[in-house]
Amino acid sequence: MSGKPLRVLACGDVEGKFDILFNRVQAVQKKSGEFDLLLCVGNFFGSASETEWEEYRTCVKKAPIPTYILGANNQETIYYFPDVNGCELAENITYLGRKGIFNSVSGLQIAYLSGTESQSEPAPAYSFINKDVAELKTSLLSLPNFRGVDILLTSPWPRDVGNFGNKPGQVDTKRCGSVLISHLATSLKPRYHFAALEKIYYERLPYRNHVVLQENTQHVSRFIALANVDNTSKKKYLYAFSILPMSSMDLTELVKQPQDVTENPYRKLGKEAYKPKMLSSAEEEPACQFFFDLSKQHGNKRQSDEKGGQHFQRKQLKKISKPTGPCWFCLASPEVEKHLVVSIGTHCYLALAKGGLSNDHILILPIGHYQSVVELSSEVMEEVDKYKSALKEFFRSKGKRCVLFERNYRSQHLQLQVIPVPLSCCTTEDIKESFILQAQEQQIELLEIPEHSDIKQIAQPGTPYFYVELDTGEKLFHRIKKNFPLQFGREVLASEAVLNVPERVDWRQCTANRDEAEATARAFREDFQIFDFSELQ
């Protein structure tokens, strides 16, 4: 399918400066050609709109282009909007209404929600509540084969829109904006989402609307906030773009992913805010766990075995490989720095990291020679999990959370790096965001592993990869195809956003002498003893 793209203008807060806006629109059209419509978000009317508006209302003046606006955001301007269902306010100027869907004759689908989020009920006439958002969502999600809308118009920003993306300067998106609008944007998947009210221009990097490795690829969304008309800082308040309605597009073209695409910023709001629709077979068999095989097309499923849903190779013993040369981490090797060892189990041991990011930076290591987690036998993996649980509990008692990562690249022996981060430093979401942002800066595709999947179901033995596990159980994965920065994990955790120890990125620059290292290991061993399930040999 194909058609002619529509040429659209979007505008931020007009605040009653109608002549300035429409003169600017005329100038743009004279220079660039005719546009099909103008969409206005934010405050269309201002405190001193009456005189200028009267000329448009009485047709003394006319908007040069079909203009569609949102409703009031405050008590002072409610009287300009006589019909909550929308109406024509002046020639070529239409109030869309409190909430709904506008379908253009060309097939362009525009969802809109007027007003600001109410903090109480009953809500003022210029506000919306959860019920309004739910009704708007239901009206669209109930449509057969719904994929999303072309454009979403709101006045407030969505909360957390800056997560995983470029930052909007002075606006704190973790506190500014509406959570309900974030939920709305998550469900409606707009290709373009316009908002205003914050007096700045901000064009966020496009973000995904699907869970990578778990859902079929979907189109991306672009959020654009616009400044107020005639602002003294010359910030952009008018945005021009061309758009072909989704209904007229070839699916392959629609779902193309730009290089700068990011994670969905609203994932932070919890599973209720970003709950992807699972494949129908998973819905029909909710008690059955599925594993995702990335050697085939994304999203293909194979069922777990009948005995408890574990990996079908669980009972198979894996043959321990032999190191190709001296190994610093095989416990029987003379190269092992045994003064750093703090716990020894049956299949694994713990050792302090040499040149760690902190004094309690710890490594989980297999006693035998394994190159990566995906090569571990079920017995070794079981003990790895026991050590992970013990360390999480131990660090939690110290007011810290764990971040675990593995780099299976240019390394001979598996090293699971466990780095404690004080709870006072940052949240888990901040850590996750730091990994994703750093990955984007270095053009590393860091993907989230599906909830019912783990590293063994995604990477085959011998596959180079980088893997992160957060204290919430969230996991990030990168399949290494060419050069990969060896200190990537340390760079992220040493950054200002997390531990703020940039001088410790390179472990070689922060190693302690043997006496200091022995004292640190002794102190850790004594402290950890109450949580240690093993007996140190």
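The percentage of C-alpha pairs in the range 18-95 whose separation is greater than 19 Å is 34%.
Let me make sure I get this right: for the range 414-457, a, b and c are the square roots of the gyration tensor eigenvalues over alpha carbons, sorted descending. Under 1.5 in a/c it's rounded, otherwise prolate if a/b > b/c, else oblate. Which is it? Show your work: numbers first, answer last.
Values: a/c = 1.63, a/b = 1.19, b/c = 1.37.
Oblate, because a/c is 1.5 or more while a/b does not exceed b/c.
Between ARG508 and ILE78, the FRET efficiency from the beta-carbon distance, with R0 = 60 Å, is close to 0.35. Here the label points at GLN529 and SER397, each 7 Å from Cα along the C-beta direction, are separated by 1.2 nm in the simple model. Within the range 6-255, the proportion of C-alpha pairs whose separation exceeds 32 Å stands at 17%. Label the range 384-441 by shape, choosing from rounded, prolate and oblate, from the square roots a ≥ b ≥ c of the eigenvalues of the Cα gyration tensor; if a/c is under 1.5 it is rounded, and otherwise prolate applies when a/b is larger than b/c, oblate when it is not. Oblate shape, in that a/c is at least 1.5 and b/c is the bigger or equal ratio.
Measure off, as a whole percent, the carbon and sulfur share of the 1.4 Å-probe accessible area of the chain, all protein chains present. Write out the running numbers ahead of the final one.
Numbers: 12300 of 25650 Å².
Whole-percent figure for carbon plus sulfur exposure: 48.
Among complete DSSP H helices in the chain, none has alpha-carbon atoms stretching at least 30 Å along the helix's long axis together with a mean Kyte-Doolittle hydropathy reaching -0.5. The separation of the range 137-200 from the range 393-471, counted between C-alpha centres, amounts to 28 Å. Residue pairs exceeding 22 angstrom between C-alpha atoms, taken from LYS167/LYS199; LYS388/LYS482; LYS30/LYS62; LYS392/LYS475; LYS17/LYS62: LYS388/LYS482. The sum of -39500 (n - 2.57) across all DSSP H runs of n ≥ 4, divided by the residue count of the chain, sets its helix-only mean residue ellipticity at 222 nm to -6000 deg cm²/dmol. Counting only GluC sites (Glu not before Pro) that DSSP places in a loop and that have at most 15 other Cβ atoms within 10 Å, the longest clean stretch of the chain runs over 92-271. With N as its number of residues, the range 338-535 has a Cα radius of gyration that, divided by 2.2 N^0.38 Å, comes to 0.97.
Entry comment: accessible area of the range 6-255 is 42 Å² per residue, from protein heavy atoms only and a probe of 1.4 Å.
Put simply, the convex hull of the Cα atoms in the range 184-257 casts, on average, a shadow of 6.0 nm².
Given axes a ≥ b ≥ c from the Cα gyration tensor, I'd like to know whether the range 17-162 is rounded (a/c under 1.5), prolate (a/b larger than b/c) or oblate. Walk me through the numbers on the way to the answer.
Numbers: a/c = 1.96, a/b = 1.27, b/c = 1.54.
Cα axes put the range 17-162 in the oblate bin.
For the range 463-529, build the convex hull from the C-alpha positions and give me its volume per residue in Å³. Intermediate results must be reported in sequence, preceding the final value.
Details: hull volume 10.8 nm³, N = 67.
Expressed per residue, the convex hull around the Cα atoms of the range 463-529 is 161 Å³.
Here the range 112-224 was treated as a single set of alpha-carbon atoms; its pair distances binned every 10 Å from 0 give 13, 45, 33, 8, 0 percent. With the alpha-carbon atoms of the chain aligned to their principal axes, the span from lowest to highest coordinate is 92, 48, 47 Å, starting with the largest.
Contour minus end-to-end for ILE129 and ARG222, with contour as 0.36 nm per residue of separation and end-to-end as the Cα-Cα distance? Intermediate results must be reported in sequence, preceding the final value.
Numbers: separation 93, 0.36 × 93 = 33.48 nm, distance 2.42 nm.
Length difference between fully extended and current span is 31.1 nm.
Across the range 341-433, the convex hull enclosing all Cα atoms gives 111 Å³ per residue. Take the range 338-535 with all the other protein chains still there, run a 1.4 Å probe, and you get 43 Å² of accessible area per residue.
The values are calculated or read from the model by the stated rules, or taken from the named source; none is laboratory data. Model, not experiment: these values are computed from the prediction. Neighbour counts run over all protein chains shown; Cβ positions are idealised from the backbone, glycine included. Only protein heavy atoms, including side chains, enter the accessible area calculation; ligands, DNA and RNA are left aside. Shrake-Rupley method; radii C 1.70, N 1.55, O 1.52, S 1.80 Å.
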